[in-house]
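Single-structure report; data block below.
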Amino acid sequence: MTRPGDARQEIQALRERISTLSGAILRISATLDLDTVLAEVVESARTLTGARYGVIATVDEARAPTRESVFSGFTPEEERELAAWPDSGRLFEHLCHLPGPLRLTDLAGYVRALGIAPARMFSRTFQGTPMRHRGTDVGHFFLAEKADGEEFTDDDQEVLTLFASQAAAAITNARTHRSERRARADLEALVETSPVGVVVMDARAGRPVSFNREARRIVDSLRTPGRPPEHLLEVVSVRRADGREVSLAEIPLEQTLSTGETVRAEEVVLSVPDGRSVRTLINATPIRAEGGEIGSVVVTLQDLAPLDEIERMRTEFLGLVGHELRAPLLAIKGSADAGLEEEAELDPAEIREFFRIIAEQAGHMRGLIRDLLDAGRIDAGTLSVAAEPSEVAALVERARSTFLSGGGRHAVLVDLPAGLPPVMADRRRIVQVLNNLFANAARHAPESTPIRVAAVREDAHVAVSISDEGSGVAPELLPHLFSKHSGGRPGATAGHGLGLAISKGLVEAHGGRIRAESPGAGHGATFTFTVPVAGEAGAAAADRATAAAPAPEPGEPLRILVVDDDPRALRFVRDALSEAGYAPLVTGAAHDLPRIIRTERPRLVLLDLMLPDADGIELMGQVPELADLPVIFISGYRRDETVARALEAGAADYLVKPFSPTELVARVRAALRRREQPEPFVVGELAIDNGRRRVTVGGEAVDLTAKEYELLRLLSLDAGRVVTFETLLRRVWGKPESTATNLVRNFVRNLRRKLGESASSPAYLLNERGVGYRMAKPAGR
């Protein structure tokens, strides 16, 4: 029988435990900040049991470990020692998959029984407790070494189990709050940076509640300086597409908003009394409250000034084209009329001169018309090229001769290095590109200055540069040089602007790129374009380039996966790839990507940038299988920052719609060649010869194991970009779901030792803390 004194002590102890547990639950529920919640959970668990050490490790919905972990009670030296233990990842992975609580009195013995070589154990005793919320695993917290040296008890396990359910709920709530905040922040950033103005109006008060950046810009262009934006509502007039004009000063805005009218893509002119106006495309949507009354109205305004500017440029361009065609036509008509004059007695020399003028001007007109037709084919995506192995020097010399024989007065200085490989080029078209760039340089540089031609190999391409010492290009004009409506550099005519636009289309049809660089006005300019390197030196046709990528089976065409939600785009790409001898696999569902890649094993992926349920660039990080394949993005976006994001994410190339079948196939072949036949990699004194599987430092061979070589090779393929621990473990060790990051660290440590570099100042293998490693990027790449 329990004595009264003992019963009172048990009741008092129970009260203290309940009070301590209640306090712990209140602390972890007092905030929605996830980091704070995790720290409070592990601290409270230690307090409840008197444990010296505590660790919390969480998992996601798929029970995969996350980076949301907290260590408590460890000294900095102890934390470093634990992190350096090679098998710590294996132990934590095992503990995180336990179905229930685990209480140990001999932690080191338990670790040895698992087949893991233990490091220095900081404790003999151990208590692990899972956290679950509504049947879903959230993670575990682990406690070790009670302060009084005792073992963990049944009471400890019971109170921790109760606490774990509350901790799981608090962590889940904090995660939900974080996700909601991120989603809200993403939405706010999207609205704020949208190129379309967005205004939210309070229908009851008749006043604006919020403006995004573009809406503020439109308002600022109309409002009186020094007056608040709301003042604009008192003076602005609205002229609708049907001619009606409404002054908001005469009709209260709340009355207008309360009508509930939905406006769809209506052109509206906003004007103020001093004559300033903005032509906009407006959408207005009423938002109704629960009672059915209109609470607010969302208005979007698109400033039509950029479209008006494009229309003005198009009209100006057509006028310039008409002028360019009119000049040779007048010369032809004048010469013909002079030759047909009955009264004139012309000697044969005069007649020959008239015929020469007619022939010369007709040739000039033919060139202009050809350029217009080429520009139309480029816009329609139907321009084709017939590529074949060609010597760069021969192409440059042919273009130089054409330029000089056509009246070019500038000296053309050619400086090509020895050993340039043949390129896959349509010779007539690449000569046309070179002549366009020669003519562009000649128009903007004094005749006394030379035009310089240089070339250099860049991975699987040869880059050809044409430089002049002329008027240069202002930085703000560089992005617009290759637009057919921009006219190229200042003062250029229609034909001149067409030349650069056509050059861009021709280069891209070959699978290359073209760019312009200039230090600024008055400092000359350099135009550089790239052309893919031909396959083997003995290749005789473009089809031979395809054979560079080994087929899955002899005679079987290479599989190319195409992901696009547009059926017409899928059909176009599928037909182009089939015609080129590939085996296209098509899908419109991003969620099928991992399954298709695993089962069909494609050699390359063509991925639409914007899918209905996914962002292509984000998929690069979310679908591990994509990291093992060259990916070419397909998009209607031509913005430089979008292209840069795609390439930084690891894309092999980027295609802008519309494109021709020729350009598509050329880019696919170039990407496959780069993946299957990588060039020797050289950075500093380190050289990796993939063909011979040989690594040297300063000319001395380095002896590597198969895994070390594969790790080094993989990092070199993505030089300059971070390769995550997960990707390295999957591609080098074949562990798709492993978290053994210390395995990678140990191999990198051995590699650094063999390459003669230290972790404190690495020259080749650079660490991205907590993420992975990247190989230093060779100069010039």
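With Met313, Met365 as the choices, which residue is within 48 Å of the chain's Cα centre (by Cα) and closer than 30 Å to Val196 by Cβ? Explain how you work it out, then say what you get.
Working: Met365 fails: closer than 30 Å to Val196 by Cβ.
Exactly one of Met313, Met365 is within 48 Å of the chain's Cα centre (by Cα) and closer than 30 Å to Val196 by Cβ, namely Met313.
Of everything in the stretch 209-228, what is surrounded by fewer than 18 Cβ atoms within 10 Å (Cβ to Cβ), of a type in the set (S, T, N, Q) and either touching an Asp or Glu at 6+ places or on another chain (Cβ under 7 Å) or assigned to a strand (DSSP E or B) (or both)? Give them in sequence order. Answer for the stretch 209-228, where residues must be surrounded by fewer than 18 Cβ atoms within 10 Å (Cβ to Cβ), of a type in the set (S, T, N, Q) and either touching an Asp or Glu at 6+ places or on another chain (Cβ under 7 Å) or assigned to a strand (DSSP E or B) (or both): just Ser210.
Yes/no matrix, rows are residues, columns are (1) touching a residue at least 24 places away in the same chain (Cβ under 8 Å); (2) over 21 Å from Leu329 (Cβ atoms):
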site: Leu368; (1), (2): yes, no
site: Gly376; (1), (2): no, no
site: Thr382; (1), (2): yes, yes
site: Pro389; (1), (2): yes, yes
site: Val392; (1), (2): yes, yes
site: Glu397; (1), (2): no, yes
site: Thr402; (1), (2): yes, yes
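May I ask you to verify whether Glu350 is modelled with pLDDT under 85, surrounded by 11 or more Cβ atoms within 10 Å (Cβ to Cβ) and not aliphatic (A, V, I, L, M)?
Yes, satisfied.
Among the conditions (1) buried (at least 23 other Cβ atoms within 10 Å of the Cβ); (2) at pLDDT below 85; (3) within 28 Å of the chain's Cα centre (by Cα), the only one that His480 does not satisfy is (1). Answer yes or no as to whether Leu611 is touching a helix residue (DSSP H, G or I) at 6+ places or on another chain (Cβ under 6 Å) and of a type in the set (A, V, I, L, M). Criteria met by Leu611. Counting only helices (runs of 4 or more DSSP H) wholly contained in the stretch 701-779, the ones carrying 1 or more residues that are exposed (fewer than 15 other Cβ atoms within 10 Å of the Cβ) and modelled with pLDDT of 85 or more occupy 741-755. I need the full set of residues from the stretch 291-342 which are farther than 30 Å from Arg213 by Cα and not in a helix (DSSP H, G or I), in order please. Gly291, Gly292, Glu341, Glu342 - these are the residues of the stretch 291-342 that are farther than 30 Å from Arg213 by Cα and not in a helix (DSSP H, G or I). Counting only helices (runs of 4 or more DSSP H) wholly contained in the stretch 19-97, the ones carrying 3 or more residues that are more than 35 Å from the chain's Cα centre (by Cα), in contact (Cβ under 8 Å) with a residue 60 or more places away in the chain and more than 14 Å from Gly139 (Cβ to Cβ) occupy 34-49. Among residues of the stretch 515-554 being at pLDDT below 50 and touching a helix residue (DSSP H, G or I) at 6+ places or on another chain (Cβ under 8 Å), the one that is surrounded by the fewest Cβ atoms within 10 Å (Cβ to Cβ) is Pro550. Reported count of residues in the stretch 667-710, each being of a type outside the set (Phe, Trp, Tyr) and over 25 Å from the mean Cα position of the chain (by Cα), is 29. Tell me whether the stretch 24-39 contains one or more residues that are closer than 27 Å to Glu150 by Cα, at pLDDT below 85 and of a type in the set (Gly, Ala, Ser). Yes: the stretch 24-39 contains one or more residues that are closer than 27 Å to Glu150 by Cα, at pLDDT below 85 and of a type in the set (Gly, Ala, Ser). Of note, Gly616 does not satisfy the criterion of being within 30 Å of Arg752 (Cβ to Cβ), under 20 Å from the mean Cα position of the chain (by Cα) and not assigned by TED's automatic domain parsing to the domain that holds Gly376.
Residues checked against (1) within 30 Å of Leu481 (Cα to Cα); (2) of a type in the set (D, E, K, R); (3) not assigned by TED's automatic domain parsing to the domain that holds Arg204:
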residue: Gly275; (1), (2), (3): no, no, no
residue: Ile282; (1), (2), (3): no, no, no
residue: Arg288; (1), (2), (3): no, yes, no
residue: Glu293; (1), (2), (3): no, yes, no
residue: Val298; (1), (2), (3): no, no, no
residue: Phe317; (1), (2), (3): yes, no, yes
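Looking for whichever is of a type in the set (Asp, Glu), in a helix (DSSP H, G or I) and closer than 30 Å to Ser271 by Cβ here; the options are Glu188, Glu180, Glu192, Glu158. Which one fits? Result: Glu192 is the single residue among Glu188, Glu180, Glu192, Glu158 that is of a type in the set (Asp, Glu), in a helix (DSSP H, G or I) and closer than 30 Å to Ser271 by Cβ. Surrounded by fewer than 17 Cβ atoms within 10 Å (Cβ to Cβ) and at pLDDT 80 or above, is that true of Ala380? Answer is no for this residue. Just to be sure before I move on: is Ser123 of a type in the set (Ser, Thr, Tyr) and more than 40 Å from the chain's Cα centre (by Cα) in the structure I sent? It is true that Ser123 is of a type in the set (Ser, Thr, Tyr) and more than 40 Å from the chain's Cα centre (by Cα).
The values are calculated or read from the model by the stated rules, or taken from the named source; none is laboratory data. Just so you know, these numbers come straight off a predicted model, no measurement behind them. Note that we place each Cβ from the backbone using ideal geometry, even for glycine, and neighbour counts take in every protein chain shown.
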